[in-house]
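To start, the structure itself, in structure tokens.
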Amino acid sequence: MDYSVEIANLNFCYRPAKTVLKIVELNIARGEKVFLYGPSGSGKTTLLGILAGVLKANEGSVKILGHDLTQMSGPARDGLRGAHIGYIFQMFNLIPYLSVLENIMLPCRISQERQRRLNGRSREEEAKNLAGRLGIGHIVTDNVVDLSVGQQQRVAAARALLGAPELIIADEPTSSLDEDHREGFLQLLFDQCRDLGSTLIFVSHDRRMMPLFDRAVSLAEINHT
Amino acid sequence: MLLFLLAYRSLLNRKLTTIVTLLSIGLSVGLWLGIEHIRGGARESFSNTISQTDLIVGARGGPIQLLLYTVFHIGTPTANVTYESYEKIKNHKAVLWTIPISLGDSHRGYRVVGTNEDFYRHYRYRQDRQLEFTQGRAPTGIFDIALGSEVAHALKYALGARIVVTHGITRSTGIMDHDDKPFTVVGILQPTRTPIDRSVYVTLEGIEAMHIDWKQGAPPIKGQETPAEKIKREDIKIEQITAFFLRTKSRVQTLALQREITNFSEEPLIAVVPGVALSELWSGISYGEQVLQVVAIFVVIVGLLGMLMSLYTSVNERRREIAILRALGVGPVKVISLLVFESGLLTLIGAILGVGVVYGSVVLLQPIIEQQFGLHIPLRALTQTQYSYLACVVAGGVAIGIIPAWKAYQNALSDGLSVRV
């Protein structure tokens, strides 16, 4: 089976002898939509940091798209993240001094791989396309500070999706949205992930959304600290 | 390119702090370069007080003292040169021209310089500028007097004014006025921005005429003076002068002539090369400018510290921004270079601004400074040294940028992708 994420015998601690995360096995298939939940303090953010390659596991192996992050240097992990992972924060996703369009286009300016995957189309055209599909086509020239929270999260989604990264990691992206917008946002995200064939790891403590996903993983259950 | 865009947009986003930082760097660099310019101008003005004169000859004494009383009209001569010796040297085959000067009297604090027409013909300052009259002519009669521009301006004298000269150098009209022999203003000199402006000029005969009845430095008894109208130019015999300037026919003869004058057998004389004495004098008084320069360098450092402060405080506000860039695959080293690049850009623009400030103000203030302070600040290209100083400022800015960048790096490592606002 083809996996996006393969974790084996992961052990992570910020300080020696104080293990925060200990996961024996976690595999996520390509194209899968996974709901990862757990109470605050269960190590969600830490796990996401490890998956994104910002934090480095002390023991075990963490494979993203077949690349073992624990064997890679910092810059190599940064490069991998830029090329293959789209990341959506809980809030404040956007760089305030860039326009909406510039924010969306950023990943393709940072990673050549992401630019390459536009298949020759200009990143501006593609960013506008994506914005249109996410229902924010009319605000691409706006100042990001003038956007509503819902619009901001859609811009963040567009940025994470541009250049079709194989893995989308979303860290509670809906927690600042109200219920109507939450469902709508999630649906858009699912549609785009399906179209692009991207794997989605969605973290939340709000389990009402759980049934919409292919699979749910309780961090509290898999974390053996 | 992206780095440049991000730095530029981020600076633009913090418009106020960016402008304040740019101003503080620009003004401090401007102040420092401005002082450099004024230093150059002052030095040049100073050494341009007298030009084309190869030797100043006077009674034996300190060379700087001779320079001071003959050129700058400061201090008093201790002894004189006999007219005989003067004529002997004047007629030396190596000598092109001479300007005799006779000092010792004053008018309301301004020196009275006795000289002859050679002064107006040969004296040069600032390379090749000659003395000229705004009004009137050079003194020729015994009781003719010409005024330096500053004297005329300060005392509000016009042509035809009758003025009395005081014996010795005092600020007020004093106990020893030559009030029996008043002078008539016949000319006013053009401003030169040199000590020439602060003196008055009479003929050598005028000086002798004033002292005609004096015996061993004592004035004549009242009522026994020779009346002014009875003094005839032909009757006056010039006994001595204070000093004289001379120019050689060929400059290579200067040193030989100097030696010859020093060994002059009839009386003890000294001959001074003005350039040498001027630079000796300048090095004595230039510690002031060095202090100024040190102060200016500190001002530049304070300007850079201001930038450090504004960048350092911005690092915390920018944690979000840095986390976003990290999530997009920007490595921590790139984050550092973004901040270092920003500070480098700020100092570079600030330094350019400073250069602009200096040249702008030199152009604007040049005539005012020349008029008010008699200081000519030339507009000239930056020297190699100044370029390297500017490079040091920019390098300093970059180095200082490493401090907030290091803090941002630490933040980036500890924050990772976690949300901390």
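The values are calculated or read from the model by the stated rules, or taken from the named source; none is laboratory data. Remember, it's a predicted structure, so these values are computed and weren't measured experimentally. When we count neighbours, we look across all protein chains shown, and the Cβ atoms used for this are built from the backbone with ideal geometry, even at glycine.
Restricting B:Leu2, B:Leu23, B:Leu11 to residues that are within 14 Å of chain A (Cβ to nearest Cβ) and surrounded by fewer than 18 Cβ atoms within 10 Å (Cβ to Cβ) narrows the list to B:Leu2. From the list A:Leu26, A:Leu36, the one residue that fits, being assigned to a strand (DSSP E or B) and under 22 Å from A:Ser175 (Cβ atoms), is A:Leu36. When the range A:149-168 is filtered for residues that are within 23 Å of A:Leu101 (Cβ to Cβ) and among the aliphatic types (A, V, I, L, M), the ones remaining, listed by number, are A:Val149, A:Val155, A:Ala156, A:Ala157, A:Ala158, A:Ala160, A:Leu161, A:Leu162, A:Ala164, A:Ile168. Residue count for the range A:147-161, restricted to those that are within 13 Å of chain B (Cβ to nearest Cβ) and over 14 Å from the mean Cα position of the chain (by Cα): 1. Filtered by the rule that a residue be under 18 Å from A:Phe12 (Cβ atoms) and more than 12 Å from chain B (Cβ to nearest Cβ), the range A:44-66 gives A:Ala57, A:Asn58, A:Glu59, A:Gly60, A:Ser61, A:Val62, A:Lys63, A:Ile64. Say whether the condition of being without any contact (Cβ under 8 Å) to a residue 12 or more places away in the chain, within 14 Å of chain A (Cβ to nearest Cβ) and not acidic (Asp, Glu) is met by at least one residue in the range B:317-324. Yes, the conditions are met somewhere in the range B:317-324. Considering only the range A:94-108, I want to know if a residue exists there that is part of a loop (DSSP other than H, G, I, E, B), away from chain B (no Cβ under 14 Å) and farther than 21 Å from A:Asp191 by Cβ. No. Only residues that are under 29 Å from the mean Cα position of the chain (by Cα), modelled with pLDDT of 90 or more and of a type in the set (A, V, I, L, M, F, W, C) were counted across the range B:155-171, and they come to 1. Apart from one condition, B:Phe373 fits all of (1) at pLDDT 85 or above; (2) aromatic (Phe, Trp, Tyr); (3) within 22 Å of the chain's Cα centre (by Cα); the exception is (1). In this structure, is B:Leu292 closer than 26 Å to B:Asn48 by Cβ, away from chain A (no Cβ under 14 Å) and touching a His at 6+ places or on another chain (Cβ under 9 Å)? No, not satisfied. What residue, among those in the range B:115-159 that are of a type in the set (A, V, I, L, M, F, W, C) and in a strand (DSSP E or B), is farthest from B:Ile238 (Cα to Cα)? Ranking the candidates gives B:Phe133 first.
Check the range B:151-167 and report whether any residue there is closer than 22 Å to B:Tyr83 by Cα and either in contact with a Phe, Trp or Tyr (Cβ under 6 Å, 6 or more places away or on another chain) or free of Cβ contacts under 8 Å to residues at least 40 places away in the same chain (or both). Scanning the range B:151-167 turns up no residue that is closer than 22 Å to B:Tyr83 by Cα and either in contact with a Phe, Trp or Tyr (Cβ under 6 Å, 6 or more places away or on another chain) or free of Cβ contacts under 8 Å to residues at least 40 places away in the same chain (or both). Inside the range B:265-294, can you point out the residues that are among the small types (Gly, Ala, Ser) and under 14 Å from B:Gly62 (Cβ atoms)? B:Ala271, B:Ala277, B:Gly284 - these are the residues of the range B:265-294 that are among the small types (Gly, Ala, Ser) and under 14 Å from B:Gly62 (Cβ atoms). Only residues that are touching a residue at least 40 places away in the same chain (Cβ under 8 Å), touching a helix residue (DSSP H, G or I) at 6+ places or on another chain (Cβ under 9 Å) and closer than 21 Å to A:Val5 by Cβ: list them for the range A:173-202, please. Hits for the range A:173-202 are A:Pro173, A:Phe190, A:Gln192, A:Cys193, A:Ser198, A:Thr199, A:Leu200, A:Ile201, A:Phe202.
Exactly one residue among A:Gly86, A:Gly74 is among the small types (Gly, Ala, Ser) and more than 7 Å from every other protein chain (Cβ to nearest Cβ), and that residue is A:Gly86. Residue count for the range B:46-78 satisfying the condition of being polar (S, T, N, Q) and touching an Asp or Glu at 6+ places or on another chain (Cβ under 9 Å): 2. For the range A:109-122, how many residues meet the condition of being facing chain B (nearest Cβ under 7 Å) and outside any helix (DSSP H, G or I)? Of the residues in that region, 1 qualify. Counting the residues of the range B:325-370 that are more than 25 Å from B:Leu22 (Cβ to Cβ) and within 14 Å of chain A (Cβ to nearest Cβ) gives 8.
Taken over the range A:65-89, the residue count meeting the criterion of being in contact with a Ser or Thr (Cβ under 7 Å, 6 or more places away or on another chain) and touching a residue at least 24 places away in the same chain (Cβ under 8 Å) is 3.
Taking the criterion of being part of a helix (DSSP H, G or I) and surrounded by 15 or more Cβ atoms within 10 Å (Cβ to Cβ), the residues of the range A:205-219 that qualify are A:Met209, A:Leu219.
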